[in-house]
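The values are calculated or read from the model by the stated rules, or taken from the named source; none is laboratory data. Keep in mind the model is a prediction, meaning the values are calculated, not measured. For neighbour counting, all protein chains shown are included, and Cβ atoms are generated from backbone atoms with ideal geometry for every residue, glycine included.
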Amino acid sequence: MLARPDFSFSRAAVFNGLRLALAAWLAFAVAAMFHVENAYWAAMPVWVVIQPYRGLMLERGLFRILGTVIGASAGFAILWLAPDPYLDVALLGACVAVSAGLAQVLRGTPAYGAMMIGMSAAVVILPSVLNPAGGLGLALARTECTIIGVVVVTLVTGLFTPRVTEAAFLADVRRLTAEIVAFAVDTVATGTVDDGRVRALMHRFAEADGIAVAVSAGSIAGRRRLHQIDALMVAAFAVMAAAQTQSRRSLATRAGLGEPMRSIAALVNSGARSEAALRTVLAGVPATLAVALKSLFDAEAALHAPHSAAPAAGTLDRMAMLLAPHRRWTVANRNALLAAAATWIAGTLGLLAGRPEAELLALGVCIFAMVLGYLPDARKAAPMMFAGVLVGVAVATAYRFWVQPGIAGPADLLLTLAPFLVVGGLARTHPKTALPAIDANMCFLLGSQAGMPAAGAGEILLGAAALIAAATLVLGGVAALPRGGSPRRGRIARTVVADLRRLIDRPLPDLAMRRPVAHDLLRLALHLVREGELRGEIPRELLAALCLAQAIVALHERGAQEALDLLKDFDRDPRGVAARLAGLDRDVAATDAAASLAAAAVLFEKG
């Protein structure tokens, strides 16, 4: 018998939901009190600005306002510079392309701000060109509503939103460092790599990264935490890869490493480390592993150092450039093209149709396309978003048919809106309904036209159909994409191949900045952890690829050109190249490269 889903609420979730509903209700009331047109837009930012930690919420609110102001300014500029409506829509598509692309290139709340630029430009331009009579004033009113909503939700919920304790974060980082060293000790001692342990450590990396983002949010000085946690994760990957390489050594060689590795673990667990003690214990392990461990200890020390002792701004800039998460340029370009094309087509068709519902359809297409482009896994999110849209539109339609006609004044309006917002707030704070509730609440407010005069049945049904059509075109199209892991695996394999090929072709002087392993490959690992894409066999294969990168650097340092020449075909015939490398008994680095390539071969073959 299938277990019934748990839709119970904790006391904290109920209070959070009620506070969220109160914020949305007050935002609407403030906008209505000042007679801002389309006051229901003021309640819309509430559902997305809210975050589990105070710093994140403040930062998200700030970037929502910045993105709105920049996007609205761009929209007004386009309307002023290009009076032709078809040219306006084309320029909007260009603006949306830049915004959607930046949403994949930037990290965290700045990416959200970039997305808001495109959305805000669309909110300004589409009503103005599709509804010239009042579109410009409406666009300005909606911009004002966004600012009202952000300010109100921050004031109402800010004090009740917890801060992240930095001390707890730093203690967790220290435990994570100890776990990495313990993994290296056990891997060298046993001569095997525990795949389950690798995945668990990857999960711990993702948790640490998420907490680092929360710790850094709302603090300019705290932003360096992101660079430092990146450095820690990069060093951790390098340690794991170096330990896997050492696990392939003979039993006698590994036995000789036992005592130094245990000394390193004891030093880490003691919590009392000095440069002299580190140099002593690291002297007994191979160079690649020693360099990776030293980087790990340095990164952890930087995280624990006071902000005043942090590196200079120039150093941080170089570190950010070197250790930034892997930029999804291919995905960014694709999302930019799709969002721009969808916006331009919907806007152009709206101009040709000349129907009032075309504004809602075009705006919906643009917003849904940009939101899906912002999310890390659009296909997974699309069904939940579509369900939320259907619920929100259905409730909004019922509201317009049976509630809106009976509203006699502002008091009635606020009283009748409150129950819907309470239900929406509770749904937004429950873990099982939180994601679809965002779209349900948004579409309810957008479709209900709360505060507007009662409309006829035809107008109500056409408005609802426009929103559902926009969701069907965008969300339905994404959800219908073929399933399977091959696109993700193929993208990962292509990135790995490109990075390893650059490493193979590098002359020795250019390798100085790429020790102890290929940083591009490490950035890929960082990105995959951050996006939750390390699934199935990929962690083991990626670790093997990192080992191969280390072996390639060692081959360059030894001048082993024969082995490097063999590796030029590593992606076309990985197992054959591995076998030929294994025959080069003269160089231990070639043996390491052969074993690593054999372990990573499945990534290239299935990619």
With respect to residue 129, is the statement that it is touching a Leu at 6+ places or on another chain (Cβ under 8 Å), modelled with pLDDT of 85 or more, within 30 Å of residue 256 (Cα to Cα) and surrounded by 15 or more Cβ atoms within 10 Å (Cβ to Cβ) true?
no
Going through the range 567-593 in order, the residues found to be within 35 Å of the chain's Cα centre (by Cα) and of a type outside the set (D, E, K, R) are 567, 570, 574, 593
Residue hits (the range 234-253; in a helix (DSSP H, G or I) and more than 17 Å from residue 281 (Cβ to Cβ)) are 234, 236, 237, 238, 240, 241, 244, 245, 247, 251, 252, 253
Of the listed residues (127, 83), the one being in the same structural domain as residue 353 (by TED's automatic domain parsing), of a type outside the set (Val, Ile, Thr), outside any helix (DSSP H, G or I) and under 27 Å from residue 357 (Cα atoms) is 83
For the range 571-605 the number of residues that are part of a loop (DSSP other than H, G, I, E, B) and either under 14 Å from residue 555 (Cα atoms) or in contact with a strand residue (DSSP E or B) (Cβ under 6 Å, 6 or more places away or on another chain) (or both) is 4
Per the filter on the range 162-205, residues in contact (Cβ under 8 Å) with a residue 40 or more places away in the chain, exposed (fewer than 13 other Cβ atoms within 10 Å of the Cβ) and part of a helix (DSSP H, G or I) are 190, 195
Per the filter on the range 16-75, residues in a helix (DSSP H, G or I), among the aromatic types (Phe, Trp, Tyr) and over 18 Å from residue 439 (Cβ atoms) are 25, 28, 63
_So, residue 403, is that one without any contact (Cβ under 8 Å) to a residue 24 or more places away in the chain and either over 23 Å from residue 338 (Cα atoms) or surrounded by 23 or more Cβ atoms within 10 Å (Cβ to Cβ) (or both) or not?_
yes
